[in-house]
Amino acid sequence: MRQILFGVVVFVVLWLLGRHTAAIVIVLVAGSVAAVCALSVRAARGMDRVIAWVTSTVGRGLSYLLLGLVELLVFTPVAAVLWLVRRDPLALGSSPNDPSLWRPHFADGRTPLYGRQFTYEIPRRVVGHRSTLGRVAFVVGTVVLLLLADLGVGSAIHALKSSNPESPKALTSYYSGVAAAPKAPWWPSVLLESFQQAYVAQFEPLRGFDFPRNLSGPYLNVTDGVRRSYEPPASGTGKPVEVLFLGGSTTQGAFQRDDYTIPSDVARLATGDDIPIHVVNRGQYGYAIWQEVELLEELLTSGYRPDVVVFYDGVNDLSIQTTEGTTTIPSHLKAQEYAQAIAQYLHPGSTQPLANRIYDAYRNRSAIAMGVSDVSSLVSSHPPASSKKLTPLQGNTQSPDQSIPTAITRANDAVSIYLRAVQLIQELAAGYNFQVRAFWQPFLYSKKPVAAEKNIEGFEGESPPAWFAMAAQARKDLRPPVIDLSDALNGVKAPVMIDYEHTNELGSLAVAKAMYGSLKPVLTAVADKSQP
Amino acid sequence: MNILGISAFYHDSAAALVQDGVLTAAAQEERFTRKKNDADFPKHAVAYCLHAGGVGTDEIDAVVFYDKPLTTFSRLLRTYLRVGPRGFRTFHQAMPVWFRQKLWIPYLIEKEIRDLGYGRPGKLYFMEHHESHAASAFLASPFESAAILTFDGVGEWATASIGVGRGNTVELKEQLLFPNSLGLLYSAFTYFCGFRVNSGEYKLMGLAPYGEPRYESQILDELINLRPDGSFTLNMDYFDFLGGLTMTNHRFDKLFGGPPRVPESDLTQRELDLARSIQVVTEEVVLRMAVHAAELTGERNACLAGGVALNCVANGRLLRDGPFERLWIQPAAGDAGGAVGAALAGWYQIYGNPRSADGVHDVMAGTYIGPGFSDDEIEQYLRSHGYPYTAVADGQRWATSIAELVAEQKVVGLFLGRMEFGPRALGHRSIIGDARSGAMQSTMNLKIKYRESFRPFAPAVLAERATEYFDIDVESPYMMLVASLRQGHRRHGGADHPEDIRDWVNEVRSDLPAITHVDYSARIQTVNREQSPEFHAIISAFDGLTGCPVVINTSFNVRGEPIVCTPEDAYRCFMRTEMDHLVLGRYLLDKCEQPAWTEDKSVSEDLVLD
């Protein structure tokens, strides 16, 4: 019985720590062992001995560790202070130089307390006459101590759960439950590079935010704002078609190596068809279409002349509606955050009250809040909301209003904004003489559901029902010339979604193939035109 | 009203039962579990007491624990604040025990009692450790009023206490506090001389007469700062017991010319002189404390308890040279006796029942308050195992038969009536022999007890003839006093004593050589007819046969083993040693007639060192 209880406790702890696979493995192992033990007394005895040995060894080790910490962190510093101030904790008010070391048994008229485990206590009447101020101080002190204890435990749990989110090990562990996560040696490094890039967003006045223009790593490289892409071998067939890719992190190639992003795959496909091509991947984490339009204008006005411009959008445009508030005007994923910061700078004290900020800071480290969150997520079968802290690209908290009608309104607004941008892009294309293709991207809530991807629904705190509704409504609202690639991933049997918006390299290839189907005539035409 | 006293979780756990003011049963847990100094909860002892007292399952009115655990815990924490990281080795050993067990004593007591099939006790009380000792000393004594002196290693904070008992109350007046402890000082020397702390102290006392007090001044100058009133400070620069795993440290080694003696190695003159020196200092401290206690209380009688009160040499000195006219020392002066004190304190101190004392009789009933076995039970045991025996129904013939065996230089194990409570065997669980024999001390030490031969045996002497042999004018029924053999029985040897302590101990220096220490002292038990008629009859018969009213009396056990409790224990010990005869009640067993012992090895092969 005790062993079963122990197994259940281990399972619950692992589950709450987010180690779902480990928890399930533990349950399976424990179940198998229990079954074997139920069938064989000898096996049960042997198992008992093994468990006793392991637990006693581990217990002894933990005992050494914990008691060592207590000794080191509590007793040693206090002992050092007492030694410094020359106070002997064993002296009890007497001095070695006293003429007699005999001490009265009960000082100050104290009387024995036979019902207690200690010798005497402060008389009850003193406690009874504690002043109002004293009572308040007692209550406040107790509450402060409890809050501090809550924070202390919460911080420890937080440290245990997340440790260093930028460590490849932590990241790999975090994504270990994602079926589409590649089982490849380069995966931890790609994860790390993707996250490191995401954490360094900077304010940019026109486009909202920007990222470092140069990054270098084993698998993710950016030079002058351009993600490295597949370079076809040099050929003498003519000037390559210059294709500019604009979009968010899915375009840029989060969780993918340089040569396996959507633009790289398109380039490889075109090269396979002998179409000379040069892709320029200017996807930016978190970008929605109006930011891309702005970027395109900057590029065009600075003299850059692409032959074809590809827009690949959708998720971020919808996300803006859920995180920044339903809006009918263009916005971006950090609009509220920057607005608050600017407002605070311009009008100190007028933004979020201090009490709210303190409460937020407390809630982020409260063990009780974490426990409530974990339990509620267990009940609702969604991962804890805190997990969104690890997602690099959407960032902000989802709106509490996740009702279906609101979701439909948001989809309508998002697509409306999107289509206005597409209209402007077409006018730019006509003015600057380039071809343009706008693709509406597939994502978890628009593609055909796959069982292995079920557990990432709600991974970033989003509401799956609301998002399913939003995705469906958006597709209904789309109009030509937008090309809807929502079904692009449906033909892939294997899981492809890393989270609700990003795919693995298999997913990006599927998207690239679908995209290339629409691009190929354009590329061919442009290439033919540029033949000498 | 049934009040159960319990001492446990340190060493020598025990239980005692007081029923309407009468101490009806008490026993140490070690006797049942056969683990020497067993410190676990005394569930067997509790079960025995409740059974012996005929206590119904819902009739435990109160349980009194002999200690205040939380106060002790506070002392422990302060100790670690004093020693800092040096204390880690003991810290990691002590804390798990506290958190697992000692901080939950009320729940443990309730659980264990429920596990025995009894209902929840009506009340649970906690006495201070030294209050329990003091109560065991005064409330069990024959005195109407008396000064009380308790001293041991340490209780919660107190290491020694002075109090006064009057009527049904015990009032502690002054205390000496940890780490200044006479008990721990003595234990430090016990450790340094190669004996086990908490059990080897009496060996050190037995060794003292062989030495000279050469180190007395070093002890008084360096180790303790003794005040005129007997209070003192220990110089902790020389001790390691606050946070270390040993009692003494390298400075102590340096002071006394080398490292501690390795246990079981040969004794050197240094150990003999150290034993004598610390004994002299102990006696001096006890005497000064006694003078202070007499001044503080104005009493002419004194009651003693606590581990140090088991030092019968110091007790004898206190009786001779101290300020008190009469002494009464709790026979179970160690922690086991705390159970008796707690139970008595419950009846008198907590519930306020009146107490009467006649100045003569104590409440300990000769300490024969442990488990007893009827002749029928013994016979059934012997028959069921097929052990040959001779039943002697006639009391006089029975006593004479045993006396004849002793007179024939046989070693006889006595298992009579109820077991003694406390560390001394007083004739009911004893091994006896002829005190006149020159070889008997060595024989019994090496062939029966399997222990160091320097230790003298105690004499059991008929109370009415004690003064013929010993310089003592009071009774010593509990073997708590040391007295000298009278001049007329001494034989003076040469001025020089042999180099080897074994030769020295075997020197014939009196007409009772087996019980005479090298300084002619003896730890005597006066046997009176009232308390132990059977034992008295045996010695009387021996006196009738030989003209000597003295026999050797040593505890019925071997080294490292608790005193026997049941007929089975007694028979096992009998067969595993070279004892000649065993008396189980009215049944006499001859070793030569017994079947070969095949159950387990001879005791000498798996001896547990104490």
Item to check | Projected-area average for region B:185-286 over all orientations - Cα convex hull basis, square nanometres | outcome: 6.0 nm²
Checklist entry - How long, wide and thick is chain A, going by the Cα atoms along their three principal axes, in whole angstroms, largest first? => result 115, 72, 47
Next on the checklist: Students often get this wrong, so check it: of A:476/A:513; B:43/B:68; B:36/B:173; B:35/B:254; A:447/A:529, which have C-alpha atoms separated by over 28 Å?
Outcome noted: B:36/B:173; B:35/B:254; A:447/A:529
Checklist entry - Any idea how far the Cα center of region B:474-494 sits from the one of region B:372-410, in Å? => result 31 Å
Checklist outcome for this item: Taking only Cα atoms of region A:465-514, the Rg to Rh ratio with Kirkwood Rh works out at 0.99
Checklist outcome for this item: Relative contact order as a percentage, chain A, C-alpha pairs under 8 Å and 6+ apart, gives 15 percent
Next on the checklist: Tell me the angle of helix A:505-529 to the major Cα principal axis of chain A, expressed in degrees between 0 and 90 and rounded to the nearest ten.
Outcome noted: 20 degrees
Item to check | Computed P(r) (all Cα pairs; chain B; 10 Å bins; percent) | outcome: 3, 17, 28, 29, 18, 5, 0
Checklist entry - Name the residues of region B:276-302 whose amide N is less than 19 Å from a point 7 angstrom out from the Cα of residue B:519 along the C-beta direction? => result B:276-290
Checklist outcome for this item: With the 8 Å Cα cutoff and a minimum separation of six or more residues, region B:286-370 has a relative contact order in percent of 27 percent
Item to check | Cβ-derived FRET efficiency at R0 45 Å, residue A:354 paired with residue B:246, nearest 0.05 | outcome: 0.15
Checklist outcome for this item: Cα extents of region B:401-555 per principal axis, largest first, Å, are 44, 33, 31
Checklist entry - Counting each DSSP H run of 4 or more residues in chain B as -39500 (n - 2.57), what helix-only mean residue ellipticity at 222 nm follows after dividing by all residues, to the nearest 500 deg cm²/dmol? => result -9500 deg cm²/dmol
Item to check | DSSP bridge orientation in chain B - percent antiparallel, rounded to nearest 5 | outcome: 70 percent
Next on the checklist: Rounding to the nearest 10 and keeping the result within 0 to 90°, find how far the Cα-based axis of helix A:262-272 lies from the longest principal axis of chain A.
Outcome noted: 40 degrees
Checklist outcome for this item: Residue-normalised value, i.e. accessible area per residue, for the protein assembly as shown at 1.4 Å probe, in Å², stands at 43 Å²
Checklist entry - Considering every Cα-Cα pair within region B:284-327, what fraction, in whole percent, is farther apart than 14 Å? => result 40 percent
Checklist outcome for this item: One finds the C-alpha centres of region B:339-368 and region A:203-231 to be spaced, in Å, by 92 Å
Checklist outcome for this item: region B:1-142 -> Rg/Rh from Cα coords, Kirkwood Rh, value 1.01
Checklist entry - If you place +1 on the Cβ of every Lys and Arg, -1 on the Cβ of every Asp and Glu, and leave all else neutral, what size is the dipole of the protein assembly as shown about its Cα centre, to the nearest 20 Debye? => result 2220 debye
Item to check | At R0 = 41 Å, FRET efficiency that the Cβ-Cβ distance of residue B:504 and residue B:390 yields, to 0.05 | outcome: 0.55
Checklist entry - Ballpark to the nearest 100 Å², how much total accessible area do B and A bury together, probe 1.4 Å? => result 3500 Å²
Next on the checklist: Translational diffusion coefficient of region B:89-235 at 10 °C, 1.306 mPa s, Stokes-Einstein with Kirkwood Rh over Cα pairs, in µm²/s as a whole number.
Outcome noted: 86 µm²/s
Item to check | Theoretical ellipticity at 222 nm over chain A - DSSP helices of four or more residues, -39500 (n - 2.57) apiece, nearest 500 | outcome: -16500 deg cm²/dmol
Checklist entry - Can you work out the FRET efficiency for the pair residue A:328 and residue A:430, with r the C-beta to C-beta distance and R0 = 22 Å, to the nearest 0.05? => result 0.30
Checklist entry - Roughly how many nanometres apart are two label points built 7 Å out from the Cα toward the Cβ at residue A:50 and residue A:34? => result 1.7 nm
Checklist outcome for this item: Rounded to a whole %, the carbon-and-sulfur portion of the accessible area of region A:410-512 at a 1.4 Å probe is 54 percent
Checklist entry - So what is the relative contact order for region B:254-404, in percent, with contacts set as C-alpha pairs under 8 Å and at least six apart? => result 15 percent
Item to check | Relative intensity, log₁₀ I(q)/I(0), of the protein assembly as shown from a Debye sum that treats every alpha carbon as a point, q = 0.04 Å⁻¹ | outcome: -0.40
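The values are calculated or read from the model by the stated rules, or taken from the named source; none is laboratory data. No experiment lies behind these values; they were computed from the predicted model shown. FYI the Cβ positions are ideal-geometry reconstructions off the backbone, even for glycines, and counts take in every protein chain you see. Ligands, DNA and RNA are excluded from the accessible area calculation, which covers all protein heavy atoms including side chains. Shrake-Rupley method; radii C 1.70, N 1.55, O 1.52, S 1.80 Å.
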